[in-house]
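Right, one structure below, let's go through it.
The values are calculated or read from the model by the stated rules, or taken from the named source; none is laboratory data. This one's a predicted model, so the numbers in the text were calculated from it and none came from an experiment. A quick note on method: Cβ atoms are made from the backbone with ideal geometry, for glycine too, and the neighbour counts reach across all protein chains shown.
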Amino acid sequence: MIPALQNFRTYGIAMDFYRECKAVKLPAPLRDQLTRASQGIVLTLAEGSAKPTAKDRARYYAMALGSFRECQSILSLAEQATLLQSFDHLGGCLYRLSRSGGK
């Protein structure tokens, strides 16, 4: 893991989520979208964590939450309830980050 992000728990959970999403068997178009959206969570968290102001960080964390919601929709279509439940905590973490002003 990137040293600057090793204490960012939500980033670690997002990495685990990305790995799990890669393993889901889906038709190619949905699989590609799930992969991009789950990557987007990780990448947006990393980028947002480097922003200088709390307002900027919160904006990026809100975008990561949007990507997570996209993943949830895809996983619902794929009837992947177990994976959805396993990472419900990630949604809560992203929500809190986006509402906390990025602090």
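Out of the helices (runs of 4 or more DSSP H) lying entirely within region 13-103, which hold 3 or more residues that are among the aromatic types (Phe, Trp, Tyr)?
Numbers: elements: 28-49, 54-77, 81-86, 88-99.
Output list reads 54-77.
The number of residues in region 16-47 being over 22 Å from Ser76 (Cβ atoms) and within 12 Å of the chain's Cα centre (by Cα) comes to 3.
Total residues in region 59-103 satisfying the condition of being closer than 15 Å to Phe8 by Cβ and either crowded, with 16+ Cβ neighbours inside 10 Å or in contact with a Leu (Cβ under 8 Å, 6 or more places away or on another chain) (or both): the figure is 9.
Please determine whether any residue of region 1-11 is at pLDDT below 95, among the β-branched types (Val, Ile, Thr) and assigned to a helix (DSSP H, G or I). Among the residues of region 1-11, not one is at pLDDT below 95, among the β-branched types (Val, Ile, Thr) and assigned to a helix (DSSP H, G or I), which makes the answer no.
In this structure, is Thr44 free of Cβ contacts under 8 Å to residues at least 60 places away in the same chain, among the β-branched types (Val, Ile, Thr) and surrounded by fewer than 12 Cβ atoms within 10 Å (Cβ to Cβ)? Full working, then the answer.
Numbers: free of Cβ contacts under 8 Å to residues at least 60 places away in the same chain: yes; among the β-branched types (Val, Ile, Thr): yes; surrounded by fewer than 12 Cβ atoms within 10 Å (Cβ to Cβ): no.
Considered against the rule, which asks whether it is free of Cβ contacts under 8 Å to residues at least 60 places away in the same chain, among the β-branched types (Val, Ile, Thr) and surrounded by fewer than 12 Cβ atoms within 10 Å (Cβ to Cβ), Thr44 comes out as no.
The condition of being more than 15 Å from Ile13 (Cα to Cα) and either surrounded by fewer than 21 Cβ atoms within 10 Å (Cβ to Cβ) or at pLDDT 95 or above (or both) holds for Asp56.
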